[in-house]
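Worksheet: the structure to be examined is printed underneath.
The values are calculated or read from the model by the stated rules, or taken from the named source; none is laboratory data. Source: prediction; values computed, not measured. Ideal geometry is used to build each Cβ from the backbone, glycine not excepted, and the neighbour counts take in all protein chains shown. SASA here: full protein model, heavy atoms, side chains in, ligands and nucleic acids out. Shrake-Rupley method; radii C 1.70, N 1.55, O 1.52, S 1.80 Å.
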Amino acid sequence: MEFSQQLSTTPRSDEERAAVLANPGFGNHFTDHTAVIDWNHTSDGGRWSNARIEAYGPISLDPAASVLHYGQEIFEGLKAYRHADGTVWTFRPEANAERFNASARRLALPELPVEAFVTSLKELVAADRAWVPSGDGEALYLRPFMIATEAFLGVRPAREVSYRLIASPAGNYFGGELKPVSIWLATKYARAGRGGTGEAKCGGNYAASLAAQLEAEENGCQQVLFLDPFNDNAVEELGGMNVFFVMADGTVVTPALNGNILHGITRASVIQLLKDRGLKVEERKFTLDEWRRAAENGQLREVFACGTAAVITPIGLLKTTEGDIASPALPQESLTLSIREQLLGIQTGAVADQHGWLTRLA
């Protein structure tokens, strides 16, 4: 797929860009361009066309656009890292593309060829390469998304769709020095249900988590944890991250993918790196009661969460209305920080990529 170039006539100056990169935060600033591909329904299924790089700016939508009424929308998240030699690489983009298409199937949206997905990343980063930061823990966050743009109020899959990609320079997700976070246990709200959209990366899942996130913040927590109340209060995931438990016998446990839980690419990568070290990884049901017992009897050593934005973050405390569950203090040679260092090292080019996970973008 060939991308035409309709570059911005008013890009930010070097001075303006430098001011942003000096303190990028997360999701606060955006680069000069966006990648776009259109899709239209045809008698033989549908066709992608008009791939282009254009100036970043507002999207013009009809008030009756399906995305505004029925939430037909999906997205992804990945990062571009500047390596020491100045080249720019990303991490497992084909896995993101496959998950994007799995989400598209669930939301009755068209699938985008994996090659087109990866090419869009390369084209946008080539146009906005100067926006890739180089500070410790910094990256260019890439946000592909797909929205139903057809103006039609009937309840059916849209026949006009737009794929778009935007980019945002990003610092550390939780800001500053890495330290254990506190999370809040959601009991009034569920993130997903059986047969629902839990495995899809769609806006509705995140919108449904926001009331619980506000409750977490009111209780002094940075994230919220969801359970499956119909399955012995099995731990599922945080609002936007998967969770791991390091046990005293060296086993690492993470909730099994059960249809409710997002197939985290960082999660899958962590599991592979743990197995590379010869550690036993159990993907299984892990209940709130088991978590509490393991913390009380010394069987629990570490708890951490992982995801694209935050990479790996230690969890220090689970706050609940029925008593808090504290994680042990991280040992100096903790598995959490060791795996984080290894994963970040692979992504930034400081550690050998043994699995062929990196793709050069520029």
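Roughly how many Å is it from the Cα centre of the range 190-263 to that of the range 328-348, as a whole number?
22 Å
Run the reach check for residue 285 against aspartates and glutamates, Cα to Cα strictly under 14 Å, same-chain hits fewer than 8 apart removed. What comes back?
Partners within reach: 228, 232, 236, 237.
Could you sort 38, 62, 44 by their accessible area in this structure, using a 1.4 Å probe and putting the largest first?
Order by accessible area, largest first: 44, 62, 38.
Report the net charge of residues surrounding residue 6, where surrounding means a beta-carbon distance below 10 angstrom and charges are Lys +1, Arg +1, Asp -1, Glu -1.
Computed value for this residue: 0.
Suppose R0 equals 41 Å. What FRET efficiency, 1/(1 + (r/R0)^6) with r the Cβ-Cβ distance, do residue 2 and residue 279 give to the nearest 0.05?
0.35
To the nearest 0.05, how large is the calculated FRET efficiency for residue 214 and residue 179 if R₀ is 25 Å and r is the Cβ-Cβ distance?
0.65
Give me the dipole magnitude in Debye, nearest 20, for the range 1-97 about the Cα centre, with unit charges on the beta carbon: positive for Lys and Arg, negative for Asp and Glu.
Approximately 200 debye in magnitude.
When the helices in the chain are scored as -39500 (n - 2.57) per DSSP H run of 4 or longer and the sum is shared across all residues, what 222 nm value do you end up with, to the nearest 500 deg cm²/dmol?
Rounded to the nearest 500, the figure is -8000 deg cm²/dmol.
Would you mind counting up the charge near residue 140? Only other residues with Cβ under 10 Å from its Cβ, with Lys and Arg at +1 and Asp and Glu at -1.
+1
Taking each pair of distinct Cα atoms in the chain once, what is the resulting Kirkwood hydrodynamic radius in Å?
After inverting the pairwise mean of 1/r, the radius is 21.6 Å.
Order the following by accessible area, largest value first: 78, 61, 21. Probe radius 1.4 Å; ligands, DNA and RNA are ignored.
61, 21, 78
Would you report the distance distribution of C-alpha pairs in the range 242-362 as whole percents per 10 angstrom bin, up to the bin with the largest distance?
Whole-percent P(r) values from 0 Å outward: 12, 44, 33, 9, 2, 0.
Each residue of the range 31-47 in order: what ³J(HN,Hα) in whole Hz does its phi give by Karplus 6.51 cos²θ - 1.76 cosθ + 1.60, θ = phi - 60°, with x for Gly and Pro?
Computed from phi, the couplings for the range 31-47 are 6, 7, 9, 9, 9, 9, 9, 9, 10, 10, 5, 10, 4, 9, x, x, 8 Hz.
Run the numbers on the chain and let me know its relative contact order in percent, using alpha-carbon pairs under 8 Å that are six or more apart.
18 percent
Probe radius 1.4 Å, ligands and nucleic acids ignored: give me the carbon and sulfur share of the accessible area of the range 1-43 as a rounded percent.
It is 49 percent, rounded to a whole number.
Please compute the net charge surrounding residue 191, taking Lys and Arg as +1 and Asp and Glu as -1 over other residues with Cβ under 10 Å from its Cβ.
Computed value for this residue: -3.
Per 0.36 nm of contour for each residue apart, how much would the distance between residue 136 and residue 60 grow if the chain were fully extended, relative to their Cα-Cα spacing?
Net length gain for the segment: 23.7 nm.
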